[in-house]
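Here the structure is laid out as structure tokens; the discussion comes afterwards.
A short reminder: the numbers here are calculations on the coordinates, not readings from a lab. None of these values were measured; they are calculated from a predicted model. Every residue, glycine as well, gets a Cβ built from its backbone with ideal geometry; the counts of neighbours run over all protein chains shown.
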Amino acid sequence: MGQSPPSTPSNRNGGDLASSFDKFFKEFKLETKIVSQETISTIQSHLEKGDLQSAFSAINDALRDIDNAPLNIAVTGESGTGKSSFINALRGVGHDEEGAAPTGPVETTFLRKAYKHPKFPSVTFWDLPGIGTTSFQPQDYLEKMVFREYDFFIIICATRFKINDVQLATAIKKMKKNFYFVRSKVDSDLYNLKRIKPREFNKDEILQKIRNDCVKHLMEANMSDAQVFLVSSFELSDYDFQSLETTLLRDLPSHKRHIFMQYLPIVTEATIDRKRDCLRQKVWLEAIKAGASASIPLVGYISDNDVETLKDTLTLYRSYFGLDDISLKTIAKDLNVSVEKLKANLMFPHLLSVEKYDESLGEKLLKYVEKFCSVSGGPIAAGIYFRKIYYLKNYFLDTVVSDAKVLLKKEEIFKDPVDSEQTYLHTNVGNENGKSDTSSS
């Protein structure tokens, strides 16, 4: 009876990698996976066979697709529906800033116009004239607007969707492209209704009525399976924007989810977590591509090249999470505080600084490695010895994520203590006076 051939180092390392690879990607929800299941299975198969060269080649191809993926988003609707405001909000650009899409109640263009994202040039928003402002039939309109270039269409209205919108959606569907109905300016509706009928005002009931009304008119136009998302371009964290974000992520090809998530403005903790998850997968893939395996030990040394890599990584993460210098200046100005005071409440400025005279930057960075390993379970728990840079990138990512969540609550953190004291005194003095008046009457 023959014996099984002894496993080679390549087989052993590949088996460990395959097990870790499968376990790692199972941790992420579908909408945050930046690699398709087909690609994951292909890479895992190569690893199980010990064919590291083919596995690394497949990973390299996947990373190239992720890094080079363009994203083209078409936004269309009648004049005055809030197309430009929606585009500016997603680009993180104010209406009065240079390069902003012009806003106004009158259609400002009868041709499509491109707006690049200021931080991510591979992301382009296309402002398309409403089909009702042109003389084209839906099919001709799409051809004229070069529909093949877009990853998906956002069809916006500010009241109810019209027959033109439905005809356009039907034509888009026939061409096997995705479209999404967005009902804009719901914040204005709520504000006006609260002023008109303050006693009868019920926010949830009103939003449901708006949604039902939109769906009803779409169904009457034979658009039975339509989903409508209620949004405000000035309050992206509210209403249905989070649901729209999830739906778009699920429908996008895996390799385009990364760039989609990175351009989104930081409006909720869920958005921050999704950005983190996308980047965590990318760091993992880059580590394996670099040849991180059990044959490469965790060396207790940080080189100058390592430091430069980490500086670039930190700069990139800061940009992704709205912690870059330009963003911090804008936030500080809005809060009427100095940038230095803002940074004093954040952790990332200390990552690459040395505050102890008896400690070098390399020693400090190695402590980060130890700290990250102790929290995450370490390299042995994962069945693989990753290079130190992998752990440092993850530690930097977690730090920046934590800082981004701090800035979400910036109004609470940087509230003027004088104003807080005056509010406290006013409230308590008022209460005491109220009690005195009651007792004396």
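Here are a few things to note about the model shown:
- Calculated FRET efficiency, Ser188 to Ser57, Cβ-Cβ distance, R0 = 45 Å: about 0.25 to the nearest 0.05.
- The share of C-alpha pairs in region 70-252 whose separation exceeds 20 Å stands at 54 percent.
- Gain on full extension, evaluated as 0.36 nm per residue between Glu308 and Ser45 minus their Cα-Cα distance, stands at 91.2 nm.
- Shape analysis of region 179-232 based on the Cα gyration tensor places the equivalent ellipsoid semi-axes at 24, 12, 8 Å, largest first.
- Residue pairs exceeding 18 angstrom between C-alpha atoms, taken from Lys329/Lys410; Lys367/Lys409; Lys185/Lys333: Lys367/Lys409; Lys185/Lys333.
- Cut-off 16 Å (backbone N to label point 7 Å along Cα→Cβ of Asp251), residues of region 155-186: 155-157, 165-184
- Note on Glu38 and Ser79: the extension gain reaches 10.5 nm, defined as 0.36 nm multiplied by sequence separation minus the Cα-Cα distance.
- Take the Cβ atoms of Lys23 and Leu361, set R0 to 30 Å, and the FRET efficiency comes out at 0.35.
- Full-extension gain in nm, Thr315 to Glu269, via 0.36 nm per residue minus C-alpha separation: 14.5 nm
- Label-to-label distance, Asp213 versus Lys197, with points set 7 angstrom from Cα along the beta-carbon direction: 1.1 nm.
- Spin-label model, Glu98/Arg112: points 7 Å from Cα along the beta carbon direction are separated by 2.7 nm.
- Among the listed pairs Lys26/Lys405; Lys173/Lys289; Lys113/Lys174; Lys33/Lys162; Lys23/Lys275, those beyond 28 Å (Cα-Cα): Lys173/Lys289; Lys33/Lys162
- R0 of 56 Å, Cβ-Cβ distance Ser402-Phe136: FRET efficiency to nearest 0.05: 0.65
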